[in-house]
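The structure appears below as C-alpha cells.
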Amino acid sequence: MAAHSHNAHNEQITGEIPKPQTKGIWRVFIILCVLTAVEFAFAFLMEPGTLRNVIFIILTIFKAFFIVAEFMHLKHETKSLIWTILVPCALIIWLIIALITEGSFYGDSVFNYFK
C-alpha cells in the first residue's frame, strides 16, 4: 500500500469565509418592489388606454431586463454576449409594438366598416 502523507489534521485553512451579500440582496428586493408598486399604480389608477398600456409595457420590460441582469448574471458577461441577447430582444419589442399598432388599426377599420 502506498503511504500518503495527506492528513486532514495537518492542513491549515488559510481562506476566509466571505461575508454575506445581504446588502445587495436587499437592494435588488427594494428595486423590484418599487417597480412592481409603480406598475400596480399605473395599472389600477389610470384610465384604460394606450398611454397606460405603453407605460405598463415599458416598466415591465425594464423590470425583466433588471431581473435578467441580476439573477441570470448577465451584467457580469462580456459585451458581445450582452449584445447578442439584447439586439434580438429589442427587435422582438419592436415587433410587439408594431403588432399592437397594426392590430388596433385593423380593429378600428373593421368596427368602422360595419357601422
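General remarks:
- Residues within segment 11-51 that are modelled with pLDDT of 85 or more and basic (Lys, Arg), tallied: 2
- A residue that is surrounded by 10 or more Cβ atoms within 10 Å (Cβ to Cβ), within 22 Å of PHE56 (Cβ to Cβ), modelled with pLDDT of 80 or more and of a type in the set (Val, Ile, Thr) occurs somewhere in segment 99-112.
Results for (1) over 19 Å from PHE29 (Cβ atoms); (2) surrounded by 13 or more Cβ atoms within 10 Å (Cβ to Cβ), shown as yes or no for each residue.
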{"site": "PRO48", "(1), (2)": "yes, no"}
{"site": "LEU51", "(1), (2)": "yes, no"}
{"site": "ILE55", "(1), (2)": "yes, yes"}
{"site": "LEU59", "(1), (2)": "no, yes"}
{"site": "LYS63", "(1), (2)": "no, yes"}
{"site": "VAL68", "(1), (2)": "no, yes"}
{"site": "PHE71", "(1), (2)": "no, no"}
{"site": "GLU77", "(1), (2)": "yes, yes"}
{"site": "TRP83", "(1), (2)": "yes, no"}
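- Those residues of segment 51-83 which are of a type in the set (Asp, Glu) and in contact (Cβ under 8 Å) with a residue 24 or more places away in the chain, in sequence order: GLU70
The values are calculated or read from the model by the stated rules, or taken from the named source; none is laboratory data. Owing to the predicted nature of the structure, the values given are computational and were not obtained by experimental measurement. Note that each Cβ is placed from the backbone with ideal geometry, even for glycine, and that neighbours are counted across all protein chains shown.
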